[in-house]
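Let me begin by presenting the structure, written as structure tokens, before commenting on it.
The values are calculated or read from the model by the stated rules, or taken from the named source; none is laboratory data. Please read all numbers here as calculations on a predicted model, not as lab measurements. Quick reminder, even Gly has a Cβ in these numbers, built from the backbone with ideal geometry, and neighbours come from all protein chains shown. Each accessible area value is taken on the protein alone, full model and side chains, heavy atoms only, with ligands, DNA and RNA left out. Shrake-Rupley method; radii C 1.70, N 1.55, O 1.52, S 1.80 Å.
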Amino acid sequence: MKDKKEITLGDLPGVGAATCEKLAEAGYNNVMSIAVASPGELVEAAGVTESVARKMINAARDSMELGFESGDELMKRRQNVIKITTGVKSFDQLMGGGIETGAITECFGAYGSSKTQLGHQLAVDVQLPFDKGGADGMAVYIDTENTFRPERITQLAKAKGLDVETTLKNIKVARAFNSDHQMLLVEKVSDLIEKRGLNIKLVIVDSLTAHFRAEFIGRGTLAERQQKINRHMRDLAKLASVHNLCIYVTNQVMAKPDVFFGDPTEAIGGHIVAHNSTFRIYLRRGKKGTRVAKLVDSPNLPESEAIFQITEHGLEDV
Ligand code: ADP
Ligand code: MG
């Protein structure tokens with residue numbers, strides 16, 4: 001989607017210097033971000049009235065080609081999709097070539113099923129050149145469980161023949177200490193791209209749901225939790241599509257009934273996370289220390305499985 005005529009935030013009706021600044025502070029840096037915002041969000045961010053917010057949004061939408069596209073145009077846009085390798089041939093095939101930009105890929109599975117390992121692998125692989133299955137880009141790792149390990153990145157980088165120091169520099173890691181912090185960090189990713197000019201092509205949220213699970217205990221707060229997760233997922237989806245980057249989120253499933261929490265069989269966030277993920281992969285332990293990835297939900301690919309192993313070099317075919 002391109003601007004028809006080059007217009008900036010300041011050209012929108014009702015946006016003076018002060019409003020412009022407030023919007024920018026809240027992460028609304030370009031016309032696209034206004035076009036896809038809701039009036040309520042802008043009221044909150046810029047302190048404008050709802051009617052002014054509506055006018056801004058309409059003007060932003062008018063200035064962009066946000067209407068219908070024909071199939072062939074969409075097909076052309078699909079050509080911008082980059083597929084990042086998992087390092088495993090059968091896994092890549094399962095995903096139609098790799099983990100896609102412009103989409104959210106969710107891996108859910110029990111503890112030890114390799115959700116975090118895949119996150120590390122992708123953070124390295126995204127840095128590979130295009131012809132090696134990468135996106136020649138950088139990664140953001142939002143770590144909620146303190147499981148990001150630079151030592152592991154070092155191993156993986158060496159295995160791919162990448163310079164270790166550069167590889168580590170190209171991963172921006174942030175510990176998220178609670179769900180609000182986690183959501184704020186996602187909002188800040190736009191700044192890294194727009195203000196600091198970083199070529200972020202992958203955003204990892206590992207784990208997507210752990211904080212939400214810990215903070216919202218009991219039925220009384222369930223609706224609130226779901227609403228928050230929903231907004232978080234929408235923020236992520238927006239990020240994926242505005243910047244054509246890949247979003248990888250993990251979601252732990254309880255193997256055993258958890259006395260502290262509702263339905264033990266369901267992935268946390270349940271259908272909210274599921275409906276907002278473009279691709280859903282179920283990870284589990286297989287025979288002889290292998291791991292099995294099963295694609296359970298995809299807009300265009302069949303349900304199928306891949307088997308792989310985790311070695312010193314990373315994720316590998318069996
Ligand atoms: P999850 O995030 O799904 O809970 P992880 O991604 O942390 O699970 O997977 C942990 C598994 O990865 C461990 O069981 C371990 O066998 C394997 N693993 C971690 N690091 C290495 C390594 N350096 N070499 C080989 N296997 C490893
Ligand atoms: Mg993990």
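Quick notes on this one:
- Residue among GLY67, GLY10, GLY14 that is over 27 Å from the mean Cα position of the chain (by Cα), surrounded by fewer than 19 Cβ atoms within 10 Å (Cβ to Cβ) and assigned to a loop (DSSP other than H, G, I, E, B): GLY14
- Residue within region 55-73 that is within 13 Å of ligand 1 (Cβ to nearest atom) and touching a residue at least 24 places away in the same chain (Cβ under 8 Å) present: no
- Restricting region 70-95 to residues that are in a loop (DSSP other than H, G, I, E, B) and modelled with pLDDT under 95, the residue that is farthest from ligand 2 (Cβ to nearest atom) is SER70.
- Any hit, region 184-192, residues being at pLDDT 90 or above and touching a Ser or Thr at 6+ places or on another chain (Cβ under 6 Å): no
- Boolean, THR154 is in a helix (DSSP H, G or I), at pLDDT 95 or above and open to solvent by 30 Å² or more (accessible area, probe 1.4 Å): yes
- Comparison of VAL126, VAL173, VAL164, VAL81 shows that the only residue that is within 19 Å of ALA210 (Cβ to Cβ) and among the hydrophobic types (A, V, I, L, M, F, W, C) is VAL173.
- Any hit, region 267-285, residues being among the β-branched types (Val, Ile, Thr), open to solvent by 40 Å² or more (accessible area, probe 1.4 Å) and either farther than 17 Å from LYS115 by Cα or part of a loop (DSSP other than H, G, I, E, B) (or both): yes
- One residue stands out in region 179-209 among those that are assigned to a helix (DSSP H, G or I) and farther than 22 Å from ALA103 by Cα: the one that is most open to solvent (accessible area, probe 1.4 Å), namely ASP180.
- Where LEU208 falls short, out of the listed (1) within 20 Å of ALA45 (Cα to Cα); (2) in contact with a strand residue (DSSP E or B) (Cβ under 8 Å, 6 or more places away or on another chain): (1)
- Evaluation of GLY112 against the conditions (1) within 15 Å of ligand 2 (Cβ to nearest atom); (2) of a type outside the set (Lys, Arg); (3) surrounded by fewer than 22 Cβ atoms within 10 Å (Cβ to Cβ); (4) over 17 Å from THR311 (Cβ atoms) shows that the sole unmet condition is (4).
- Cβ separations smaller than 6 Å between residues 6+ apart or across chains give the following pairs from region 301-317 residues that are surrounded by 13 or more Cβ atoms within 10 Å (Cβ to Cβ) to residues that are at pLDDT 95 or above and aromatic (Phe, Trp, Tyr): ALA306/PHE91; PHE308/PHE91; LEU315/PHE308.
- Condition met for GLY137 (modelled with pLDDT of 95 or more and either of a type outside the set (A, V, I, L, M) or at negative phi (or both)): yes
- The sole residue among PHE212, PHE130, PHE148 that is within 16 Å of ligand 2 (Cβ to nearest atom) and either modelled with pLDDT under 95 or open to solvent by 30 Å² or more (accessible area, probe 1.4 Å) (or both) is PHE212.
- Residue ID - nearest to the chain's Cα centre (by Cα), chosen from residues in region 27-38 that are at pLDDT below 90 and open to solvent by 40 Å² or more (accessible area, probe 1.4 Å): VAL36
- Beta carbons closer than 9 Å, at least 6 apart along the sequence or on distinct chains, pair a first residue in region 160-176 that is under 24 Å from THR144 (Cα atoms) with a second that is surrounded by 18 or more Cβ atoms within 10 Å (Cβ to Cβ) and charged (D, E, K, R) for THR167/LYS160; VAL173/ASP143; ALA174/ASP143; ARG175/ASP143; ALA176/ASP143.
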